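Please read the structure below before turning to the comments.
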Amino acid sequence: MNDQQLLRYARHILLDELGIEGQEKFLAARVLVVGAGGLGSPAALYLTTAGVGDITLADDDIVELSNLQRQILHGEASVGRPKAESGRDTLAAFNPETHVTARVERLDGLALDEAVAAVDLVLDCTDNFSTRHAINRACVLHRKPLVSGAAIRFDGQVSVYDLRRDDAPCYHCLFPEADDVEAVNCATTGVFAPLVGIIGAMQAAEALKLLAGIGESLSGRLLWLDVRSMQWRSVNVHRDPECAVCGHRGHQAQHAA
């Protein structure tokens, strides 16, 4: 690190668990953030200010006036612009050293597969089940850790699916994919603005811990927040050995051995 970086990241470097070695891991890291809205905004901001070297910000939506209540990557001047591009420009103003690639598209199929394969870690900051399951499948395939967050009304949740580990559950283990799941989103039900900030910041914290290899992640646990009472609930999540998405991981490890 150069002198400017030592000064910029001094408060991280002072932490015994991080130090220069941990900060250098951030600088070398490649992260995919899917969704540049309520969750992706605070998550990407903290990853950027923390010094993550390369961030891909993917979103196919445009900024609308109703987004500004909570999506802090975007201002009034960005209304009508693609969220990924607006987010990229905001992040550059916070830390020009972080290389941010804006992908104005809904990642799926081969594009999603290649995007996940190219990074060290993935943050799911989306708001629909089909995309969440597609991201999970790609992370299982490439054994990339997945940090997942969700927020609706006054309720939020966050978890980590560390798919590098054979004993870790995947998203499908906890939320099996089903055709009859009713779509619920902020546009139809509303969301309390600070809630997405809380959950998105926690996603960034879990991502940074994973990148630096410090602390204990939320792998195997789901945290639920009811912001009306400000009560957290922790639920242990176990891997489903019969999971249609990740059930083969143990067999792969046995064959490799």
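Restricting 136, 128 to residues that are under 15 Å from the mean Cα position of the chain (by Cα) and open to solvent by 40 Å² or more (accessible area, probe 1.4 Å) narrows the list to 128. Scan segment 26-60 for residues that are basic (Lys, Arg) and crowded, with 19+ Cβ neighbours inside 10 Å and the total you get is 0.
For segment 1-26, which residues satisfy the criterion of being among the small types (Gly, Ala, Ser) and either modelled with pLDDT under 95 or closer than 13 Å to residue 214 by Cα (or both)? Those that are among the small types (Gly, Ala, Ser) and either modelled with pLDDT under 95 or closer than 13 Å to residue 214 by Cα (or both): 19, 22. Looking across segment 204-248, the residues that are small (Gly, Ala, Ser), open to solvent by less than 30 Å² (accessible area, probe 1.4 Å) and in contact (Cβ under 8 Å) with a residue 24 or more places away in the chain come down to 204, 207, 212, 217, 219, 220.
Conditions tested, residue by residue: (1) touching a strand residue (DSSP E or B) at 6+ places or on another chain (Cβ under 8 Å); (2) among the β-branched types (Val, Ile, Thr); (3) outside any loop (DSSP other than H, G, I, E, B).
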site	(1), (2), (3)
66	no, no, yes
73	no, no, no
85	yes, no, yes
89	no, no, yes
101	yes, yes, yes
105	yes, no, no
110	no, no, yes
114	no, no, yes
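Considering 16, 54, the condition of being charged (D, E, K, R) and under 14 Å from residue 99 (Cβ atoms) is satisfied by 54 alone.
Considered as a group, the residues in segment 153-175 that are over 21 Å from residue 199 (Cα atoms) and without any contact (Cβ under 8 Å) to a residue 60 or more places away in the chain include one that is least open to solvent (accessible area, probe 1.4 Å), and that residue is 165. From the list 201, 150, 193, the lone residue that is closer than 17 Å to residue 35 by Cβ, at pLDDT 95 or above, surrounded by fewer than 19 Cβ atoms within 10 Å (Cβ to Cβ) and in contact with a Gly (Cβ under 9 Å, 6 or more places away or on another chain) is 193.
Filtered by the rule that a residue be closer than 21 Å to residue 244 by Cβ, of a type outside the set (D, E, K, R) and out of contact with any Lys or Arg (no Cβ under 8 Å at 6 or more places or on another chain), segment 112-137 gives 112, 128, 129, 130, 133, 134, 135, 136. Among residues of segment 60-88 that are free of Cβ contacts under 8 Å to residues at least 24 places away in the same chain and within 21 Å of residue 192 (Cα to Cα), those with a Cβ under 6 angstrom from a residue that is open to solvent by 20 Å² or more (accessible area, probe 1.4 Å) and assigned to a helix (DSSP H, G or I), sequence gap 6+ or separate chain, pair up as 79/65.
The condition (being part of a helix (DSSP H, G or I) and more than 29 Å from residue 157 (Cβ to Cβ)) is satisfied by just one residue among 44, 77: 77.
Residue 96 meets the stated requirement of being closer than 19 Å to residue 45 by Cα and open to solvent by 70 Å² or more (accessible area, probe 1.4 Å).
Of all the residues in segment 3-20, those that are at negative phi, surrounded by 12 or more Cβ atoms within 10 Å (Cβ to Cβ) and either more than 25 Å from the chain's Cα centre (by Cα) or assigned to a helix (DSSP H, G or I) (or both) number 6.
Taken as a whole, segment 57-69 holds at least one residue that is of a type in the set (A, V, I, L, M, F, W, C), within 12 Å of the chain's Cα centre (by Cα) and within 23 Å of residue 111 (Cα to Cα).
The values are calculated or read from the model by the stated rules, or taken from the named source; none is laboratory data. The structure presented is a predicted model; accordingly, all values stated were derived computationally and were not measured. Every residue, glycine among them, receives a Cβ derived from its backbone with ideal geometry; neighbour counts consider all protein chains shown. To get the accessible areas, we keep the full protein, side chains included, count just its heavy atoms, and leave off ligands, DNA and RNA. Shrake-Rupley method; radii C 1.70, N 1.55, O 1.52, S 1.80 Å.
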